[in-house]
Each structure stands twice: as C-alpha cells, then as structure tokens.
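Chemist: One structure, as structure tokens, below. Some questions next.
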Amino acid sequence: MAPFRVALDWLGGRFPRVAGRRGSAFLEYAMLAALIGIVGAVGVMFFGEQIKEFFLALGQKTAGVLGTK
C-alpha cells in the first residue's frame with residue numbers, strides 16, 4: 001500500500017487541483033460538444049447527397065428482401 005501512496009503523493013505534487021476546476025471542465029466539455037456539432041454539420045454539407053443515396057439504396061434492398069414493396 002505504501003508504494004501506491006507514494007505514487008499518489010507524487011502525482012498530487014505534479015498536478016495540483018485548481019479551485020475552479022469544475023467550471024473549466026464544463027467549459028471544455030461544452031467546447032468539445034460544439035466542435036463535434038460543427039464537424040457533423042460540415043460532414044453533412046459535403047457528404048449529404050452520398051449519404052442520402054446510400055440510405056435510399058439500402059431501403060430499396062431491404063424492401064425487396066422483406067417483400068414490402
């Protein structure tokens with residue numbers, strides 16, 4: 001147990017806790033979510049037509065297999 005405590009003490013000295021860490025963590029997650037949204041929107045702008053054609057073809061194949069068409 002002692003080596004574990006030594007490692008924790010060493011890490012604690014290297015990475016001290018910041019008083020306002022909870023607020024900054026929320027901001028980091030919000031920025032990450034915004035970045036994911038922007039990348040998704042740009043991806044749909046560039047690949048939207050190909051995605052639409054893919055799902056239309058997949059739907060037609062599925063309808064043919066299931067006999068619903």
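Chemist: Would you please name the residue that is modelled with the lowest pLDDT, looking only at residues in the stretch 45-68 that are β-branched (V, I, T) and loosely packed, with under 10 Cβ neighbours inside 10 Å?
Modeler: T68
Chemist: Among (1) outside any helix (DSSP H, G or I); (2) at pLDDT 95 or above, which single condition is I38 missing?
Modeler: The one condition I38 does not meet is (1).
The values are calculated or read from the model by the stated rules, or taken from the named source; none is laboratory data. Predicted model, so just to flag it, every value in this text is computed and none were measured. When we count neighbours, we look across all protein chains shown, and the Cβ atoms used for this are built from the backbone with ideal geometry, even at glycine.
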